[in-house]
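Okay, structure first, notes after.
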Amino acid sequence: MKKHHRSTLALALVTLLSLNCGSAGGGGDFNLISLEEEWQLGQQLAREIAGQVRINNDPALNAYVRNMGQRIVATTPMANLPWNFYVVDDPAINAFAVPGGHVYVHTGLIANADNAAELAGVMAHEISHVLARHSTEQISRQYGLSILASVVLGQNPNDLARIAAQIVGTGALARFSREAEREADELGIRAMYEAGYNPVGMATMFEELMEHSRRSPGRVERFFSTHPLTEERIRDSRNRASQLTGRSVITDEPEFQNIKRRVT
Ligand SMILES: [Zn+2]
């Protein structure tokens, strides 16, 4: 009975695959689940993750991060879907995103960003991994369709916990490819710019991350292990930023420095 149910779902998912090609956000080359299922999966993963990390509850800090995230998301084709933004109490300089619009920012990242535009740069990059559905591709590849299908249906708590633990432990399921990173940078820089943040912030944040990796590799290890950062990516970000002109943008705002003080 269960088996029959699963194969029916698998068939439904394969059918959805063809409908999803070229959908909002683009990029999804290997997605076996619909956006709706992805958002269901995200809710389940977020519940698991809440039990595995220390979620920060400072209202001012959370309001600032949520507002910045929503401003960036509002410029994208997935603006009408529900997104959630979390601050994680962790001094490691990291951020990660879970399929279905859940974006996590470490206090260590906020403490090490110089200004609002730098935080926006990393958030826009993580949001863009969700837009391009890179993590869903990773889960599809790594776990396969039948396991993914049963996880989405809530029939597979063990694998759900395993996927969540892997995301928490490494910041993603696997190292994103160079193409995925380029796509997240491209989508992200445009989104942050349209949201009103200085796009140069993405490059200067990357430069700081690079600098940290030289001085204290341990603190940026997780970010680097999943988001390979190269001099070429930094150069490309600078070039893209120089082409985005005409809109009035901010590099910093007092509210950012206020919340930064709360985590340093
Ligand atoms: Zn990335």
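A few notes on this one:
- 0 to 90° range, to nearest 10: angle between helix 35-50 axis and the chain longest Cα axis: 70 degrees
- Ligands, DNA and RNA left out, the 1.4 Å accessible surface of the chain is 52% carbon and sulfur atoms.
- Seen through its C-alpha gyration tensor, with square-root eigenvalues sorted a ≥ b ≥ c, the range 32-72 comes out oblate because a/c lies at 1.5 or above while a/b is not bigger than b/c.
- Computed from Cα atoms, the angle from the helix 2-20 axis to the main principal axis of the chain rounds to 50 degrees.
- Using the 1.4 Å probe convention, the accessible area of the chain works out to 43 Å² per residue with neighbouring protein chains retained.
- 5 angstrom amide H check on residue 250, placed H, neighbours 5+ away: 197, 198
- The range 221-264: C-alpha gyration tensor shape, a/c 1.5 cut-off, then a/b vs b/c: oblate
- Cα-based equivalent ellipsoid of the range 110-264: semi-axis lengths in Å, sorted from largest, via gyration tensor: 30, 18, 16
- Its Cα centre serving as origin, the chain has a Cβ charge dipole (Lys and Arg +1, Asp and Glu -1) of approximately 500 debye.
- In sequence order, the range 181-195 has phi-based couplings of 5, 4, 5, 5, 5, 5, 5, x, 5, 5, 5, 5, 5, 5, 7 Hz under the Karplus curve 6.51 cos²θ - 1.76 cosθ + 1.60, θ = phi - 60°, and Gly or Pro positions carry x.
- Among beta bridges from DSSP that stay inside the range 85-197, the antiparallel ones total about 50%.
- Antiparallel DSSP beta bridges within the chain, percent to nearest 5: 45 percent
- For residue 246, neighbours were defined as the other residues whose beta-carbon sits under 15 Å from its Cβ, and their charges (Lys and Arg +1, Asp and Glu -1) total +2.
- In this rough spin-label picture, where each label sits 7 Å from Cα along the Cβ direction, the residue 166-residue 55 distance is 2.3 nm.
- Cα gyration tensor shape for the range 64-109, rounded if a/c is under 1.5, else prolate or oblate: prolate
- Ordered by 1.4 Å accessible area with all protein chains kept, 150, 225 run largest first as 225, 150.
- Cα-projected label distance for residue 250 with residue 174, points at 7 Å along beta-carbon direction, nm: 4.0 nm
- Every Cα-Cα pair of the chain was included, and the share exceeding 31 Å stands at 22 percent.
- Distance from the range 199-244 to the range 43-108 (C-alpha centre basis), Å: 20 Å
The values are calculated or read from the model by the stated rules, or taken from the named source; none is laboratory data. Owing to the predicted nature of the structure, the values given are computational and were not obtained by experimental measurement. In this analysis, Cβ positions are derived from the backbone assuming ideal geometry, glycine residues included, and neighbour counts consider all displayed protein chains. The protein model used for the area step is the full one, side chains on, heavy atoms only, and it has no ligands, DNA or RNA in it. Shrake-Rupley method; radii C 1.70, N 1.55, O 1.52, S 1.80 Å.
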